[in-house]
Amino acid sequence: RLSKNTFSGCDIVPTTRRLGLMNCFLHEIEAEIYYGSSLDEGPHVGKRHNLILTNPPFGSSGVGGVPDRADFLYTTTNKQLNFIQHILTILKVGGQCAVVLPDGVLNSADSDKTDKGIRENLLKQCDLHTILKLPEGTFIPYANPKANVLFFTKGKPTKETWIYDLRTNIPN
């Protein structure tokens, strides 16, 4: 069951997409990995998923664009917050998600009403039951952001969130 029609993805970098497709092929997995941005309209937008394991693009690539998506409640140029809106759109009720996000997405001092609205919407639509604060240096040599993994289930609002801090007393 897992080898056919279970896995899908999307990547804006052609080489990364090819590597993903090749890896799936070598493991005899029939996956759909689309070329393009997850935030743009496309065949991936109409699909709904029970489980999402993902991360938005980190860094400044593509900053400033506003996706043209009718299914987004809020309009913002923040690609990580738009990614959260994308996840909420494609995650089935009862579905679970684990998403890696940089620190600033959770509580930026520069937040406006839109940013806060997206975070509040996440807490209303989903049970954000766990936040795992990753140790610094987790992604070296590729990047060095301070990041978290958010674990949530769609369908019930958040009542309580456990926070596990793996940065405390751990050398970089």
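Summary of computed values
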{"item": "Residue list for the stretch 121-168, filter: of a type in the set (Phe, Trp, Tyr), in contact with a His (Cβ under 7 Å, 6 or more places away or on another chain) and more than 18 Å from His86 (Cβ to Cβ)", "result": "Trp162"}
{"item": "Residue match in the stretch 10-26 (condition: assigned to a strand (DSSP E or B) and at pLDDT 80 or above)", "result": "yes"}
{"item": "Some residue of the stretch 65-78 being open to solvent by less than 50 Å² (accessible area, probe 1.4 Å), modelled with pLDDT of 85 or more and out of contact with any Leu (no Cβ under 6 Å at 6 or more places or on another chain)", "result": "no"}
{"item": "Only one of Glu120, Glu136, Glu160 that is farther than 22 Å from Asp40 by Cα, touching a residue at least 24 places away in the same chain (Cβ under 8 Å) and either out of contact with any Lys or Arg (no Cβ under 9 Å at 6 or more places or on another chain) or of a type in the set (A, V, I, L, M) (or both)", "result": "Glu160"}
{"item": "Single match in Lys146, Lys154 (criterion: among the basic types (Lys, Arg), closer than 29 Å to Thr89 by Cα and open to solvent by 40 Å² or more (accessible area, probe 1.4 Å))", "result": "Lys146"}
{"item": "Any hit, the stretch 80-92, residues being in a loop (DSSP other than H, G, I, E, B), of a type in the set (D, E, K, R) and open to solvent by 40 Å² or more (accessible area, probe 1.4 Å)", "result": "no"}
{"item": "Selection count where residues are open to solvent by 90 Å² or more (accessible area, probe 1.4 Å), touching a helix residue (DSSP H, G or I) at 6+ places or on another chain (Cβ under 8 Å) and either farther than 8 Å from Cys10 by Cα or aliphatic (A, V, I, L, M) (or both), scope the stretch 30-53", "result": "2"}
{"item": "Pick from the stretch 99-143, criterion among the aliphatic types (A, V, I, L, M) and assigned to a strand (DSSP E or B), ranking: nearest to the chain's Cα centre (by Cα)", "result": "Val99"}
{"item": "Of all residues making up the stretch 69-94, the number that are free of Cβ contacts under 8 Å to residues at least 40 places away in the same chain, in contact with a strand residue (DSSP E or B) (Cβ under 7 Å, 6 or more places away or on another chain) and either among the charged types (D, E, K, R) or farther than 19 Å from Ser8 by Cβ (or both)", "result": "1"}
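The values are calculated or read from the model by the stated rules, or taken from the named source; none is laboratory data. Worth saying up front: this structure is predicted, and the values here are computed from it rather than measured. All Cβ positions, even for glycine, are placed from backbone atoms using ideal geometry, and neighbour counts span all protein chains on display. We work out accessible area using only protein heavy atoms, side chains counted, and drop any ligands, DNA or RNA first. Shrake-Rupley method; radii C 1.70, N 1.55, O 1.52, S 1.80 Å.
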